[in-house]
Amino acid sequence: MKAYERFLKYVSVWTTSDENSETVPSADRELVLAKLLVEEMKELGIEDARVDEKGYVYGSVPATLGCENAPALGLIAHMDTAPDAPGDNIHPQIIENYDGKDVVLGTSGKTIKVEEFPYLADLKGRTLITTDGTTLLGADDKAGIAEVLTVIEEILTDGTPHGKICIGFTPDEEIARGAKHFDVEGFGADYGYTLDGSAEGEIQYENFNASTAFITIHGVSVHTGTAKDVLVNSQTIGTEFHQMLPVSERPETTEGYEGFYHLVSFHGNVTETKMKYFIRDFDTEGFHARAAKMQEIADSLNEKYGAGTVEIEIVESYYNMREKIEPCMQLIEYAKKAAENADIVPDVAPIRGGTDGARLSFKGLPCPNLGTGGYAFHGVYEHITVEGMDKAVVMVKDIVGMFAK
């Protein structure tokens, strides 16, 4: 089975994770795909394929004769899709011999425009898979799952020499919980790669340090006719808080190694307003400085409006994996060489986000991230090419071979 064929099967399963849930996995629907994958893995001959009580899928392929002493390699992807756009009833559009021009997404009224996604011109001639404009596609990260299992099938079919290969599929990555309950010791890998990036050839071993700020603002509500010097509008204070952060340090105004504050949600009324921010920075010192800045703003507003008006809680999520990857840079060199062997120009760049690999690296499994061939994740404009997926498979197979030598 080709990678894209597996992918089209997986996207039919609704696996949107639920950030408001405290269960593991956060949504039972994720288990539907987990069980399907275990069944498929067993059909491929992976005898120890299993899903644990928390929805994590594991399995392994023993080393071939003569490669028993090679490092064990982990291949990891996540099953859930982001809650940023609808993830059920996905109807992919398959466009063969794509002409490199704007793509109309079904009858949704939406169009993927070359003006907004200029790399589309470089995809001319490929088979393009898009959404119908009403849902996301699910390439993040069902493309990664499809590629992992295609690599396994091809290796087992053609008898490629390899060390032990460990396979892991996680739930809840999109809500920053994917690696939380991952059994690194039981997984048994010495090194790993997540297949959770965008364009084929992406190689990433630097990511944001990340935290989330939860802010609650308390106001005082009285009738507007007698409001002077009494009413305190929590929403107004919320907007004041936001305006005290640098306008130039938002996701829409930053790139490369620049960090940001991202207002994720703002809900409230006169009496109470709740705000949620993502804090991101590659530099550890800058990361902590951003948290301190938000605390300073809260303190300043409490001094202005009264103690307890603004409550702030900052929860750290994950850290830059660079320090864990640098001692084993052969992982990056193998990936670069594999890209070149597949006629892809390696794109070694930081992730302006996070992956399971970041947390796994800090749990003892050095785990950079590779591209899957997809683009525009987390929304209705998401798309991927069949050829990009095929190239990602070729890259990973080559890496597996390098580890066996």
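Restricting attention to segment 24-60, which residues are β-branched (Val, Ile, Thr), open to solvent by less than 10 Å² (accessible area, probe 1.4 Å) and over 16 Å from Glu173 (Cβ atoms)? Across segment 24-60, the qualifying residue is only Ile46.
Condition (residue is open to solvent by 50 Å² or more (accessible area, probe 1.4 Å), touching a helix residue (DSSP H, G or I) at 6+ places or on another chain (Cβ under 7 Å), farther than 17 Å from Glu382 by Cβ and at pLDDT 95 or above) applied to segment 75-82: is it met by at least one residue? If you could, list the steps in order and put the result at the bottom.
As a first pass, look at segment 75-82 and keep what is open to solvent by 50 Å² or more (accessible area, probe 1.4 Å): none.
Taking every residue of segment 75-82 in turn, none turns out to be open to solvent by 50 Å² or more (accessible area, probe 1.4 Å), touching a helix residue (DSSP H, G or I) at 6+ places or on another chain (Cβ under 7 Å), farther than 17 Å from Glu382 by Cβ and at pLDDT 95 or above.
Looking only at segment 111-126, which residues are surrounded by fewer than 18 Cβ atoms within 10 Å (Cβ to Cβ) and at negative phi? Spell out the reasoning first.
Step one: list which residues in segment 111-126 are surrounded by fewer than 18 Cβ atoms within 10 Å (Cβ to Cβ), which gives 111, 113-119, 121-122, 124-125.
Passing the criteria: Thr111, Lys113, Val114, Glu115, Glu116, Phe117, Pro118, Tyr119, Ala121, Asp122, Lys124.
When Asn97 is tested against (1) open to solvent by 80 Å² or more (accessible area, probe 1.4 Å); (2) under 23 Å from Met389 (Cβ atoms); (3) assigned to a helix (DSSP H, G or I), only condition (3) is not met.
Taken together, the criteria exclude Thr160 from residues that are touching a helix residue (DSSP H, G or I) at 6+ places or on another chain (Cβ under 8 Å), under 26 Å from Val104 (Cα atoms), among the β-branched types (Val, Ile, Thr) and surrounded by fewer than 23 Cβ atoms within 10 Å (Cβ to Cβ).
The residue that is modelled with the highest pLDDT, among those in segment 163-183 that are under 29 Å from His383 (Cβ atoms) and open to solvent by 30 Å² or more (accessible area, probe 1.4 Å), is Glu174.
Set side by side, the residues Ala63, Ala146, Ala72 differ, and just one is under 25 Å from Lys9 (Cβ atoms) and hydrophobic (A, V, I, L, M, F, W, C), which is Ala146.
For segment 211-218, does any single residue satisfy the condition of being within 25 Å of Asn369 (Cβ to Cβ) and in a strand (DSSP E or B)? Before the answer, list the steps.
Step one: of segment 211-218, the residues within 25 Å of Asn369 (Cβ to Cβ) are 211-212.
This time we only want the ones that are in a strand (DSSP E or B), so: 211-212.
The answer is yes, given that some residue of segment 211-218 is within 25 Å of Asn369 (Cβ to Cβ) and in a strand (DSSP E or B).
All conditions in (1) closer than 25 Å to Ser265 by Cα; (2) under 19 Å from the mean Cα position of the chain (by Cα) hold for Tyr10, with the sole exception of (1).
A search for C-beta distances below 7 Å between a residue of segment 239-263 that is aromatic (Phe, Trp, Tyr) and any residue that is part of a loop (DSSP other than H, G, I, E, B) and open to solvent by less than 70 Å² (accessible area, probe 1.4 Å), counting only pairs 6+ apart in sequence or on different chains, returns Tyr257/Phe282; Tyr257/Pro350; Phe260/Glu249; Phe260/Arg250; Phe260/Thr254; Tyr261/Leu245; Tyr261/Glu249; Tyr261/Arg250. Among the residues of segment 127-155, count how many are open to solvent by less than 20 Å² (accessible area, probe 1.4 Å), of a type in the set (D, E, K, R) and assigned to a loop (DSSP other than H, G, I, E, B). Residues in segment 127-155 being open to solvent by less than 20 Å² (accessible area, probe 1.4 Å), of a type in the set (D, E, K, R) and assigned to a loop (DSSP other than H, G, I, E, B): 0 in total. Filtering segment 324-359 to residues that are within 20 Å of the chain's Cα centre (by Cα), over 13 Å from Ile203 (Cα atoms) and in a helix (DSSP H, G or I) leaves Lys324, Asp356, Ala358, Arg359.
The values are calculated or read from the model by the stated rules, or taken from the named source; none is laboratory data. Keep in mind that what you see is a predicted model, and the values were worked out from it rather than measured. Virtual Cβ from ideal backbone geometry, glycine too; neighbours counted across all protein chains shown. Ligands, DNA and RNA are stripped out before the accessible areas are found, and what is left, the full protein with its side chains, is counted by its heavy atoms. Shrake-Rupley method; radii C 1.70, N 1.55, O 1.52, S 1.80 Å.
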